[in-house]
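The values are calculated or read from the model by the stated rules, or taken from the named source; none is laboratory data. Note that this is a predicted model, so its numbers are computed, not measured. In this analysis, Cβ positions are derived from the backbone assuming ideal geometry, glycine residues included, and neighbour counts consider all displayed protein chains. Quick note on the areas: whole protein, heavy atoms, side chains included, nothing else; ligands and nucleic acids left out. Shrake-Rupley method; radii C 1.70, N 1.55, O 1.52, S 1.80 Å.
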Amino acid sequence: MNQIPEVIRTVPLEYYLYFSSALFVIGIIGVLTRRNAIVIFMCVELMLNAVNILLAAFSAYRSDPTGQVFVFFIMAVAAAEVCVGLAIIVMIYRNLRSTDVQLLNHLKW
Amino acid sequence: MQEIVMPFDKQEMALLCLLIPLLPFIGFAINGLGNRKLPKGLVGLLGCGTVLASFLIAVYLFMDFTSGGSRPYTVSIYDWISVGRLQIGFSFLIDQLTLFMLLMVTGIGFLIHVYSAGYMSHDENYGKFFAYLNLFMFSMLLLVMGSNYVMMFVGWEGVGLCSYLLIGFWNKNTNYNNAAKKAFVMNRIGDLGFLLGIFLIFITFGSVSYPEVFASAAQTPGLNGSTVMISITLLLFVGAMGKSAQIPLFTWLPDAMAGPTPVSALIHAATMVTAGIYMVVRSNVLFIMAPTTLEFIAVIGLATALLAATIGLAQNDIKKVLAYSTVSQLGYMFLALGVMAFSSSLFHVLTHAFFKALLFLGAGSVIHAMSNEQDIRNMGGLRKALPITFLTFLIGTLAISGIPPFAGFFSKDELLAHVFMHSKVMWFFGLLASFMTSFYMFRLLFLTFFGSFRGTEAQRHHLHESPAVMTIPLIVLAILATFGGFLGIPAVFGADHFIGNYLSPLYTYAKGINATPFEPIHLSHETEYLLMGISVAVAVVAIIIAYVMYVKKNTVPAPEDARLAPAHNLVYHKYYIDELYNALIVRPLMWMSGAFHRFVDVVLVDGVVNGVGKFVMLSGRTLRYAQSGAIGFYLMVMVFSIVLILFLNFFIG
């Protein structure tokens with residue numbers, strides 16, 4: 001069985017760059033345009049994973065394991081974040097019977 | 001070159017020496033903390049007992065000192081300040097002068113403490129009063145016992161503080177508080193001079209401890225009459241001017257009579273105000289090297305003696321008369337210092353302490369009997385109601401007037417003889433002041449104790465002799481005022497001058513520089529008898545005039561609103577000196593303070609401080625609209641900001 005870095009290197013590096021840029025921009029647009037808190041949340045995850053892909057690709061191409069380690073850290077942080085974030089969303093839903101972020105405008109001035 | 005005699009170290013006396021100032025301090029701490037909680041009897045016992053113990057220790061030290069061959073010694077307790085060249089030890093110097101002052105301060109202090117126990121018995125702040133008195137004793141003892149100028153300064157400031165606290169003791173009265181502030185501020189002016197003098201001493205001699213400074217001054221003949229010596233002594237004398245109420249810093253002392261009468265007796269007559277004289281005598285080596293300063297001191301002393309005596313002629317407040325007489329007598333003492341009669345000056349300090357404390361306490365007894373009336377126009381005929389007070393007051397008055405054989409005669413006569421040798425003109429003016437002193441003191445006596453009672457009916461019913469706790473100190477002081485003069489019987493009567501002989505080792509260095517002033521009075525016996533005769537005659541004439549005016553003719557000083565002859569008016573209003581100071585110094589200072597307040601403080605300082613606050617408030621009020629509460633907006637701002645940062649980072653960084 002081939003080594004995983006070798007598998008990754010079967011695709012040219014530029015493609016990874018195009019792909020994760022596209023994924024990241026989709027995430028940003030999703031965060032900016034959607035109103036449902038859960039969808040916004042998913043878009044944030046999308047951005048994080050776009051970065052993960054890029055890190056893994058560079059790590060393989062440069063034969064440097066640091067990037068992969070970084071990926072694991074990001075995954076762990078994302079998992080923790082999801083945990084807290086979803087809990088907040090549940091609480092929002094209980095209070096507002098909705099997850100629309102535009103209704104959350106009481107904290108001002 | 002001078003032979004140097006350094007005081008030796010006598011460490012075994014450390015505990016006793018330390019106890020002398022420490023005991024009153026313990027009394028202060030207990031009475032001060034237990035004010036209104038401790039029973040009055042205990043407070044009085046503590047207050048008087050600690051001072052009595054100090055007195056007894058001082059007596060023991062004196063015995064030990066004289067039996068040990070009268071050799072001065074130092075006792076060091078610990079190193080207090082040690083910075084580079086500056087070494088200041090917390091140590092005591094025990095010599096003739098220290099013991100002299102110690103015995104006087106603790107002895108008279110004890111009597112006045114006892115008297116206070118009776119005089120203040122109706123006051124609710126009895127504990128506070130005794131605490132302050134004890135603190136005063138502590139500071140005064142530190143002042144006279146310290147072995148360097150810095151310790152003297154600590155005591156000097158301490159007595160100033162206590163003077164302030166006690167003048168304003170009845171602090172519900174604004175006038176009294178103002179009097180206290182006046183005393184404090186005027187003393188600060190003098191203290192600044194004293195402090196600068198100490199700095200200059202340190203710069204010149206590299207030390208502030210008495211033995212070292214005096215030895216090095218005596219060993220440097222080049223300093224004799226030099227500018228630096230004149231500067232040092234003048235600065236020290238400025239300090240003495242403030243503390244001992246000399247022109248131009250004397251106006252606080254008459255106002256200081258706002259305090260309770262025992263305070264006037266202890267602080268503003270017998271002890272604190274003589275600190276200036278103590279300082280000059282202590283530094284006699286330095287002063288003898290600055291003849292210019294001495295001449296200046298003599299002139300100031302004489303001017304003060306005359307000025308205060310003339311003001312005393314027209315005052316109607318029993319304590320004010322005594323206050324001006326104190327200022328006048330202090331002027332005398334400085335006159336004596338100026339003509340280098342140091343021992344005579346100290347002798348007068350001692351006798352003055354006896355008779356002036358007696359007079360003040362007598363006045364206190366009168367005020368007590370008259371239910372706090374102080375105006376002699378409302379007294380009269382108190383002789384029968386207050387026999388003991390009258391008799392003791394009479395002795396005090398005779399003593400201050402210089403009638404033999406009372407104490408004042410010997411000291412004043414010796415003093416005037418020295419002045420006579422120095423300058424005939426000064427002697428004449430001194431005699432004039434002495435004439436006025438006898439006149440106003442007997443005016444006071446006659447108006448208070450003779451004639452008919454002029455007070456209200458209620459006061460007449462209340463008249464009573466003071467309790468024994470007040471009369472016994474009066475009697476003791478009267479005995480001292482009668483016989484105290486025998487400590488210094490002049491050689492012309494064929495006796496040893498005890499005080500003069502006892503104090504003479506103090507001037508060993510000074511004699512090496514200028515021996516003339518320390519030789520015995522070399523007047524012929526006829527001249528000396530003549531001088532005595534003249535001064536007694538002058539006093540007797542003054543008494544007769546006072547008798548004719550106030551007993552035979554029954555003159556009563558004009559009431560407050562009467563029109564007075566111009567000269568009388570001028571003297572009655574104390575030459576308008578207070579008004580002059582107000583116009584020349586107080587008003588401009590007040591105006592400047594007001595101007596600084598309006599422009600610097602309100603506009604500049606407050607402007608900056610409030611401006612910063614206003615700016616923060618304003619920007620906060622404006623920027624808060626950015627926090628709209630719309631999450632979508634926040635997210636957008638965040639994204640665009642990150643993009644902007646990346647953008648800037650890419651193109652600029």
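Could you report the protein assembly as shown's accessible area per residue, 1.4 Å probe, as an integer in Å²?
In whole numbers, the protein assembly as shown has 45 Å² accessible per residue.
Tell me which trypsin sites (Lys or Arg not before Pro) from region B:284-389 have a DSSP coil assignment and no more than 13 other beta carbons within 10 Å of their own.
Answer in residue order: B:384.
Using 1/(1 + (r/R0)^6) with R0 = 25 angstrom and r between the beta carbons of residue B:85 and residue B:18, what's the FRET efficiency to the nearest 0.05?
According to the calculation, E is roughly 0.40.
Which of the trypsin sites (Lys or Arg not before Pro) across region B:1-88 are loop residues per DSSP, with 10 or fewer other Cβ within 10 Å?
Passing both the DSSP loop test and the Cβ count: B:37, B:85.
Would you rank B:452, B:121 by solvent-accessible area, highest first, keeping every protein chain in place and using a 1.4 Å probe?
Ranked from most to least accessible, the order is B:452, B:121.
Considering all alpha-carbon pairs of region A:4-103, what whole percent are spaced by more than 24 angstrom?
35 percent
Taking the Cα atoms of region B:104-208 alone, what are Rg (to one decimal) and Dmax (as a whole number) in Å?
Rg, Dmax (Cα atoms, Å): 16.1, 53.
Could you give me the percent of Cα pairs per 10 Å distance bin for the protein assembly as shown, shortest bin first, beginning at zero and ending with the bin that holds the maximum distance?
3, 12, 19, 18, 11, 5, 3, 5, 7, 7, 6, 3, 1, 0, 0
Helix B:606-623 sits at what angle to the longest principal axis of chain B, using alpha carbons and giving 0 to 90 degrees rounded to 10?
Long axis of B:606-623 versus the principal axis of chain B: about 20 degrees.
List the aspartates and glutamates whose Cα sits under 20 Å from the Cα of residue B:181, skipping any in the same chain fewer than 8 residues away.
Within the straight-line limit of under 20 Å, residue B:181 reaches these aspartates and glutamates: B:157, B:191, B:255, B:578, B:579.
What is the spread of the Cα atoms of region B:515-627 along each of their three principal axes, largest first, in whole Å?
Projected onto its principal axes, the Cα set of region B:515-627 covers 105, 54, 21 Å.
With the solvent-accessible surface defined on protein heavy atoms using a 1.4 Å probe, which residues belonging to region A:31-79 display a reduction of at least 10 Å² in accessible area in the multichain context relative to the isolated chain?
A:31, A:32, A:40
Per residue, how big is the convex hull around the C-alpha atoms of region B:49-120? Give it to me in cubic angstrom, could you?
114 Å³
Apply 1/(1 + (r/R0)^6) to the Cβ-Cβ distance of residue A:63 and residue A:11, taking R0 = 22 Å, and write down the FRET efficiency to the nearest 0.05.
Calculated transfer efficiency: 0.85.
Considering only DSSP states other than H, G, I, E and B, which trypsin sites (Lys or Arg not before Pro) in region B:171-209 qualify as loop sites with at most 10 other Cβ atoms within 10 Å?
B:172
Just from its helices, what would the mean residue ellipticity at 222 nm be for chain B, if runs of 4 or more DSSP H residues each count -39500 (n - 2.57) and the sum is divided by every residue, rounded to the nearest 500 deg cm²/dmol?
-22000 deg cm²/dmol
Other chains' Cβ within 10 Å of B:624-636 residues: what's the mean?
The per-residue average across the peptide is 4.
So how do B:367, B:395 rank on accessible area, 1.4 Å probe, biggest first, that is with the largest at the start?
Accessible-area ranking of B:367, B:395, largest first: B:395, B:367.
How many angstrom separate the Cα center of region B:74-131 from the Cα center of region B:228-272?
One Cα centre to the other: 18 Å.
Using a simple spin-label model with points 7 Å from Cα along the Cα→Cβ vector, what separation in nm is obtained for residue B:475 and residue B:60?
Output for this residue pair reads 2.9 nm.
Of the listed peptides B:139-147, B:264-272, A:21-29, what is their order by residue-averaged count of other C-beta atoms within 10 Å, with the highest listed first?
Packing order, densest peptide first, comes out as B:264-272, B:139-147, A:21-29.
Which entries of B:128/B:356; B:320/B:424; B:128/B:182; B:320/B:356; B:320/B:412; B:319/B:356 have Cα-Cα distances beyond 20 Å here?
In this structure, B:128/B:356; B:320/B:424; B:128/B:182; B:320/B:412 lie more than 20 Å apart at Cα.
List, largest first, the extents of the alpha carbons of chain B along their principal axes, each in whole Å.
The Cα atoms of chain B stretch 114, 72, 52 Å along the principal axes, largest first.
Computing the accessible area with a 1.4 Å probe over protein heavy atoms, can you report the carbon and sulfur percentage for the protein assembly as shown?
Reported share for carbon and sulfur atoms: 70 percent.
Suppose each label sits 7 Å from its Cα in the direction of the beta carbon; what would the residue B:579-residue B:454 distance come out to in nanometres?
2.4 nm
What's the angle, to the nearest 10 degrees (0 to 90), between helix A:66-96's Cα axis and the longest principal axis of chain A?
20 degrees
To the nearest 100 Å², how much accessible surface do chains B and A hide from each other in total, with a 1.4 Å probe?
900 Å²
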